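Just below is one structure, and these are the notes that go with it.
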Ligand SMILES: Cc1cc2nc3c(=O)[nH]c(=O)nc-3n(C[C@H](O)[C@H](O)[C@H](O)COP(=O)(O)OP(=O)(O)OC[C@H]3O[C@@H](n4cnc5c(N)ncnc54)[C@H](O)[C@@H]3O)c2cc1C
């Protein structure tokens, strides 16, 4: 338990709001989009600025409190919320300033993708973020950040040029290519392991309307669609990003859909995507020219808050015939109508031309990322859905590599962390030893320091 005096000090000294059990707003503040997560922090501090974050870290350190950090709250493992500790909630910090001349943006880490995109698009600019606007820029970027622009401009991490960070000892540091460069390297893929990032600075790019949307095929055509897509994607220019898999449309019809976004000239996109529209017999073709903000909100309706979520993901060795056959066995078989599985993202272009050790995010050599993203509404169906997801992923195991994109993985533990940080794991441990030797920040895919001595393990 947190001593009452500490709670009172935080309540009276912060510029932002605090919420304790019984307070109006407490339940809302501890609720994340994933309904499975039901933890009760002793106090939630909705910080108003870096000074609040520093005060929270120093108080937690002094009194040995478990800390969690919330950006957008979308961690599929629910890492934003701790049980009985101090939850440092960044969602009130939404300052953002675009510099249209330098084509950069400085964004506080309470921003969600939709809010970020709206501000940058006001200047005709954007940078890679994910594809669901309610997700937080912080968790997404620090873990990697795959999205519609990754082929042309790299992952979100590849566009970060600086970060403001409160470290485990309560100090405020700036990390960029010339200041604290080791920390800058580790932040770009090391998730929240090294500190609380209060602001991120990104490089922006001119992004106008795009040509994109989705084509939906009957689930029964999944095999032919996957084979076709494999060939089609092999020739994709950097501007074209595709992802697809098995899910149900809102009216319940099971489909195998391929979503696409071409971020170059509209006419070129129309031409390049023609084979996707003319292949087989699609049930529906929803490809058209649209604004970048439109395409960035296209998936939102499929991910409303309040569903239970369990996810697994690993990169595919390749999209072999055997992998396709195995996937086809699971198409339209999920026990829940809200699940996206089996699902595949095409990773290519600039994101895959960055060296595996250039940033802490190591997965640069794979073309296909396999996901099983299960969602359901009735908590009594949790076991059934988790079991099915595991079965589907286990069946795929022979075709998957050990590497995984940690932001897509619910399960935890050292083996999972090693899959997420890959070839950079040992270097990240060295960095953890330097910046967080007591494992103060451990509500994440945790990089354990070599000797975490004096913090009790309550994570
Ligand atoms: C519906 C949905 C769609 C998604 N789509 C994509 C996608 O298109 N592309 C993609 O790459 N990923 C995607 N993801 C995965 C997403 O990147 C992760 O879930 C990510 O962790 C969410 O970040 P958040 O800030 O919303 O979550 P949070 O739960 O708030 O945070 C996630 C982790 O980051 C840490 N963290 C948060 N803020 C900070 C901070 N300021 N400083 C330090 N650490 C911090 C937290 O402690 C936690 O460990 C999606 C997830 C969901 C649920």
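Annotations
- Each peptide in 431-444, 176-189, 64-77 was scored by the mean count of other Cβ atoms within 10 Å over its residues; highest first, the order is 64-77, 431-444, 176-189.
- What the Cα convex hull of region 289-372 gives, in volume per residue, is 163 Å³.
- With the largest listed first and rounded to whole Å, the semi-axes of the equivalent ellipsoid of region 332-395 from the Cα gyration tensor are 32, 11, 10.
- 15 Å cut-off, amide nitrogen to a point 7 angstrom out along residue 123 Cα→Cβ, residues in region 196-211: 200-208
- Across region 127-209, Cα-Cα pairs more than 22 Å apart make up 22 percent of the total.
- Protection proxy ranking for 44-56, 291-303, using the average of other Cβ atoms within 10 Å per residue and placing the highest first: 44-56, 291-303.
- With the convex hull constructed from alpha-carbon coordinates only, region 279-326 shows a mean projected area of 6.5 nm² over all directions.
- Region 375-433: radius of gyration and largest Cα-Cα distance (Dmax), Å: 14.7, 43
- Calculated P(r) of region 50-91 - Cα pairs past 11 Å, %: 63 percent
- Cα extents of region 198-293 along the three principal axes, largest first (Å): 45, 33, 22
- Relative compactness, region 350-456, computed as alpha-carbon Rg over 2.2 N^0.38 Å: 1.26
- Part-to-part distance (alpha-carbon centres) for region 269-335 and region 17-45, which is given in Å: 34 Å
- Mean-position separation - Cα centroids, region 419-452 and region 84-146, in angstrom: 25 Å
- Cα Rg, Dmax (largest Cα-Cα span) when computed across region 1-73, Å: 12.0, 33
- Alpha-carbon centroid distance for the pair region 342-366 / region 157-208, whole angstrom: 19 Å
- Normalised by residue number, the volume inside the convex hull of the Cα atoms of region 318-363 is 113 Å³ per residue.
- A crude spin-label estimate for the pair residue 377 and residue 425, with each label 7 Å from Cα along the Cβ direction, gives 4.0 nm.
- Inverse of mean 1/r across different Cα pairs in the chain, Kirkwood, Å: 22.4 Å
- Rg over Rh for region 18-147 works out to 1.00, using Cα positions for both radii and the Kirkwood form for Rh.
- Above 16 Å, the calculated P(r) of region 257-302 contains 41 percent of its Cα-Cα pairs.
- Both radii come from the Cα set of region 74-198: Rg as radius of gyration, Rh as Kirkwood radius; their ratio Rg/Rh reads 0.95.
Where a number appears in this text, it was derived from the coordinates with a stated rule and is not lab data. Keep in mind it's a predicted model, so treat the numbers as computed, not measured. Note: ideal-geometry Cβ built from the backbone for every residue, glycine included; neighbour counts use all protein chains shown.
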